[in-house]
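Below you'll find the structure, written out as structure tokens, and then a few comments.
Bear in mind that the values in this text are calculations on the coordinates, not laboratory data. No experiment lies behind these values; they were computed from the predicted model shown. With ideal geometry, Cβ positions are generated from the backbone for all residues, glycine too; neighbour counts draw on all protein chains shown.
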Amino acid sequence: MTKNSVIGIDLGGTKIYTALASLSGEIIAEVKVSTQSALGVTGVQQNIIWTVEQVQIKAGSKDQVRAVGIGVPGPLNVNEGVVYQAPNLGWREVPIKQILEKALKLPVYIENDANLAAIGEHLRGAGVGVRDLIYVAVGTGIGGGLILNGQIYHGAGFGAGELGHMTIEPDGRPCNCGNKGCLETLASGSAMVQKALDLVKNGQGQSFLTAAQGEPQKISSYLIAQLAAAGDKEALSILEAAGIALGIGLANVINLLNPSLVILGGGALKVGRPYWEAMEKEVSRRALQAAWRQVRLIPAGLGDRSGLFGAIALACQNETPDVSRRTS
């Protein structure tokens, strides 16, 4: 029987998004589940395997899969298949390729999740035909993927693009990576939630607590966005502060790399206009005019499927390079 499909997996700090696709990259079946990172490597591994089984059942393609492509947050070695550090998963030195290949009995190819989102947007989304672009994923954390001269840029140790871990506030909040004041601690979805929790702890932010039915653990970036849309000043302040921090980080990167396009994706961008407007205003203030005049800032064209399409492309390009070139 000809194996005529691949599986792509977008592994994030919050969710696992898995799809079975044809060799031309068209999605046939998909499933999303909570990552449950608190369960550790073994628990997350089991959740990944479950999603793989589910998409095969949905598609009726149990024995027709050629390979699996997976995007993982954090620095990793794509050749050895080892995740050096995934702060939002609590992983260090995890040989995820070996683990999954043993469990799935399939070739597994790994890549940084934001790199795959950049590839997905470059092949099928907002970055088609653009040779120099930056993809920025704003979710639980903040990641980045760099397409330079038409190719993904890995850096000397496969660690390029970790925009979320540039220092913005030298003596700021500790980050899961071990540093302080990272962009991720100021502008991500989890940073917004932490700001709200800080207000509640200090006897403020009663609107957050009320909206969360008195349960602080239910406060989310989406809840903050809803309150901001209703005119809540504390919620608006949180979104605007996060947007300013993101704008500072993006201005630094734009000044450094002078791309023609910055694509922004990730769940946290769904919080609404105050965040985006504050970000855009700060970039325009801080980026050098020569760079600012050349760059466009736009939302991801593929929505939350950017990384998924990148993971599918990763599997296709490794298993069927001739087909992937024709379909990309």
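Things worth noting here:
- P(r) tail for the chain: Cα pairs beyond 38 Å make up 14% of the total.
- Between E215 and I298, the modelled label-to-label distance comes to 4.1 nm, taking each label 7 Å out from Cα in the direction of the beta carbon.
- Longest exposed-site-free window of the chain, the sites being trypsin sites (Lys or Arg not before Pro) in a DSSP loop that have at most 11 other C-beta atoms within 10 Å: 106-292
- Taking the DSSP beta bridges with both ends in the chain, the antiparallel portion is around 60 percent.
- Residues of type aspartates and glutamates that K3 reaches as a straight line, Cα spacing below 13 Å, ignoring anything fewer than 8 places off in the same chain: D63, E319
- For the listed residue pairs K180/K218; K32/K97; K195/K218; K15/K270; K180/K270; K32/K58, the alpha carbons are over 18 angstrom apart in K180/K218; K32/K97; K180/K270.
- Computed from Cα atoms, the angle from the helix 233-257 axis to the main principal axis of the chain rounds to 60 degrees.
- Dividing the helix sum by the residues of the chain, where each DSSP H run of 4 or more adds -39500 (n - 2.57), gives a mean residue ellipticity at 222 nm of -13000 deg cm²/dmol.
- Kirkwood hydrodynamic radius of the range 237-308, from inverse mean 1/r over distinct Cα pairs, in Å: 12.4 Å
- The modelled label-to-label distance for the pair N79/I28, using points 7 Å beyond Cα in the direction of Cβ, is 3.4 nm.
- Spatial offset of the range 1-30 relative to the range 219-235 amounts to 34 Å, using the alpha carbon center of each.
- Candidates G60, G205, G141: whichever shows maximal mean-square fluctuation once the chain is modelled as a Gaussian network with Cα springs under 10 Å: G60
- Gyration tensor verdict on the range 182-250 (Cα atoms; rounded if a/c is under 1.5, prolate if a/b is larger than b/c, oblate otherwise): prolate
- Scanning the chain for GluC sites (Glu not before Pro) in DSSP loops with at most 13 neighbouring Cβ atoms within 10 Å leaves 81-328 as the longest stretch between them.
- Low-density loop cleavage sites - chymotrypsin sites (Phe, Trp or Tyr not before Pro) in the range 42-110, where at most 12 other Cβ are within 10 Å (DSSP): none
- Using a Gaussian network model of the chain in which every pair of alpha carbons under 10 angstrom is joined by a spring, one finds that among A290, A241, A118 the greatest mean-square fluctuation is at A290.
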